[in-house]
Each structure stands twice: as structure tokens, then as C-alpha cells.
Amino acid sequence: MSSVTVDPSGSVLTLDTANGRHRFHAIWLRDNAQDAETRAPGNGQRLIALRDIPAETRIAAAGLAADGSLQVRFAPEDKTVRFDLAWLAAHAYDRPAPQARGWLPDGIEPWSAGLMDNVPCGDLADLRRGGAALQRWLGQVVRYGFAKVVNGPVEPGALFRIVDLFGHVRETNYGRHFEVRTEVNPTNLAFTGLGLQAHTDNPYRDPVPTIQVLYCLESSALGGENMVVDGFAAALRLREETPEGFDLLADHCARFEYAGEAGVCLRSRRPMIELAPDGELIGVRFNNRSCAAVTDVPFEKMEAYYAAYRRFGEIIDDTAMEVTFRLNPGEAFVVDNTRVLHARKGYSGEGTRWLQGCYADKDGLRSAHDAMTRAGVLDAAE
Ligand code: FE2
């Protein structure tokens, strides 16, 4: 049986339901009124600003209506609003403060080499039909920060078909897309196809490109496997091993720079491990090639900062953290570039490798996934 009480000042309402006890403030409830004068019935956009709500707003009366909704009368407006209990339960904020620094929200799963047995993957033809297959694949990118695509056409520009599944290309000074061609010839050092350390792309941009697509068109050389590392899992391992090291990389900005072509001077000042103000782990930047001189760490902490940076790199290089897979022509992978690092292994033997890459936006991918989830696509298809 649900019940509602209001404190004598009218500033706090306590709601007891089957979902537990939650307190709500008068000003919060008033601001979140869902009535047609406060929210546009069609698109749900708020029609008023906070300045339109009296600062002295309080609850004059509250009770549960016969239909099970919560009815609240606000003073001094003398305005009565109905609240859906399920909506209130879903938006309750009366809960313990977030856990340790580096927490992850539900639905984000850190991983290491064990994921190799079950690499997230979708068939391009299935994905292009939309529906449950697409929703599931998008959900894997959200959950793990990467996924493969197989059975695509072997033709230049096919990578855009992957972006079309969820959003739009983010064009940069490298163009709408970029070519990654490697000629593997062991007699010439410049083309030996050396492996690259795992990295996130373009940390010198602000914001960084949030999604990267790499699409294979040619792969005749032995080796050259692709490799991904979960930057979140690496950061959490660092926190476990050395909480001070984690804090150093989270609390101080690194600097990244790229000025390798005429007319371009991209610079950013951001931490390698990025946390939200409440400690949520929200991003990782790691790229040895574009790391600029770090000048924002206090003198007395610089050596410890470098030790943490070194250890973070060692964790990233640990094969126990990596998932490797080979991309054949017509296959691709998508990474969340704010989280998952990628790399290419070295080659053995001769041959060529040709990939096309492009960037896109994670908010569009999440939006496509969440809209499908809201619409119940998976349920309907199963
Ligand atoms: Fe890269």
C-alpha cells in the first residue's frame, strides 16, 4: 500500500511504495511537472524556465489519487499536478552517494582477453535490415565499446554503410574518410609494417572523435591482426594496483598535440583518465605519438605521475588485456574511441593491407540504440 507524507515546511515529500521509500523536494517536483503547461505534449520539451517557478515553491497538499497517481498542489502558484508513480520511481534521486572513483553505470561492462571467445559481431546485411539484429549489435557497442561487422562488400566507401546504421560521419582535416595502406616488405625498414601500441585516436581534438570505423578492403600479408584493449578495464586495474596512480592520471591534465600539416594546430588539455564530477569513469585518452609536454602536474608530483603513466601503459600492453582478431576484406570493426584502444600487430611476410577509416559520433549511436529500446524493437521481434 502506497502512502505519501509532506514535512511541515512543505519542502520535502516522502513517498512509500512497493519500490521503496523516496524523498522528493518541492522545487524538484514542480520543475518536473509533466502537465501540458510545463511540458509540450508532443515532443516533451519543457515550456517554462526555472525563473517562471517561484523560488519559494512548496507543497501545500499531496495525496494519492484513485487512479494510483500522486497528486500535488504547489503554493504559491496554487497549481495541482499529477505524477505517475512509475515515472517517479524511475527518476528517484534519494539514494546513497556514488561509490568509489571510477564507477561505471549499469550496462557498461569492462572486459579483458576473455572476451576473445565471444567477440561482439554483426552481419552487415542483417544489420542493414534493422530490427532486433541491429539493436543487439548497437547494444554490444554500448556495452563493450567495440564490435565487428562481417560479410560486407569489398568496395571502397563501404565503410559509410556502417555509419549509416546509426548516424553520420564526423569529417575532420583528414577528410570524410582516410586511407590506411601498408605495403609489407621486410627489406625496407620504412614499410616493415611494425606493430603500433594500442591507442585512442586523435586525443588532440576536443572533443575527440567518439566513434571510429575501420574497414578492410585488402589483406594479403601475414600477421597484422587488429587488437583492442578496454581502456576502462585498464584504468580500473590501475586503480586496483595503485589508487594514487589512478588519481594522478585522473586529477591532472595531459596535453596532446598534432601540427603535422600546414594550417593545422590541434591541441587539447585533458586527463588520460577522465571522470565525471561524481567519479564516474567516462573516458580514456592514450596515444604515445601525440602526447605533448605535460605541464599541468605539480613539480612534486611529476615523477609519481610518470610512474603512473608508465604503469598504465604496461597494463595496456599486457596481452591478458587484449582481444585480437583478423580483419578479412569486407570486414570491419567499430570502436568507442573514448574508451577502447586499438592497435595493429606487426607483420610477417610480404603483401599489402588496405583499410579505410572514418569517424562518427557516439551520441548518435546511443540515440539509435536507446530509441529502438524504448520502442521495444527487441521484444517485438522475438
Ligand atoms: Fe588509430
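Below is a table of values for the structure above.
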quantity	calculated
The chain, helix-only ellipticity at 222 nm - DSSP H runs n ≥ 4, -39,500 (n - 2.57), divided by all residues, nearest 500	-7000 deg cm²/dmol
Spread of Cα-to-Cα distances over 20 Å intervals beginning at zero, given as percent, for the chain	23, 46, 26, 4, 0
Environment charge of Gly260, counting only residues whose C-beta is closer than 13 Å and scoring Lys/Arg +1, Asp/Glu -1	0
Projected area, mean over directions - the range 3-90, Cα convex hull, nm²	5.7
Residues Leu355, Leu236 arranged by fewest to most Cβ contacts within 10 Å	Leu236, Leu355
Scaled radius of gyration (Cα, divided by 2.2 N^0.38 Å) that the range 105-235 gives	1.16
GNM top mover of Asn151, Asn19, Asn202 - the chain, alpha-carbon springs below 10 Å	Asn19
About the Cα centre, charge dipole magnitude for the chain (Lys/Arg +1, Asp/Glu -1 at Cβ), debye	400
Residues whose placed amide H lies under 5 Å from that of Gly351, excluding near-sequence neighbours	Val184
For the range 193-286, convex hull of alpha carbons as volume per residue, Å³	141
Furthest towards positive pole of dipole, Tyr347, Pro271, Leu50, structure part the chain, Cβ charges	Leu50
Phi-based couplings in Hz for the range 14-28 (Karplus 6.51, -1.76, 1.60; Gly and Pro marked x)	10, 10, 10, 9, 4, 7, x, 9, 9, 9, 9, 8, 4, 5, 5
Burial ordering of Trp354, Trp28, fewest other beta-carbon atoms within 10 Å first	Trp28, Trp354
Calculated P(r) of the range 235-375 - Cα pairs past 18 Å, %	68
Estimated dipole of the range 299-369 in Debye, rounded to 20 [Cβ of Lys and Arg +1, of Asp and Glu -1, Cα centre]	120
Hits among lysines - C-alpha to C-alpha of Lys345 under 27 Å, sequence gap 8 or more where chains match	Lys148, Lys362
Burial ordering of Met302, Met272, Met227, fewest other beta-carbon atoms within 10 Å first	Met302, Met227, Met272
Positive-pole candidate from Val119, Gln140, Val154, dipole of the range 115-162, charges at beta carbon	Gln140
For the range 89-99, 3J(HN,Hα) per residue [Karplus equation, 6.51 cos²θ - 1.76 cosθ + 1.60, θ = phi - 60°, Hz, x = Gly/Pro]	4, 6, 10, 4, 10, 8, 9, x, 4, x, 6
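The numbers here are math on the coordinates, done by the rules we state, and not lab data. Only a predicted model underlies this, so the values are computations on that prediction, with no experimental measurement involved. Neighbour counts are summed over all protein chains in view; Cβ atoms, including those assigned to glycine, are modelled from backbone coordinates with ideal geometry.
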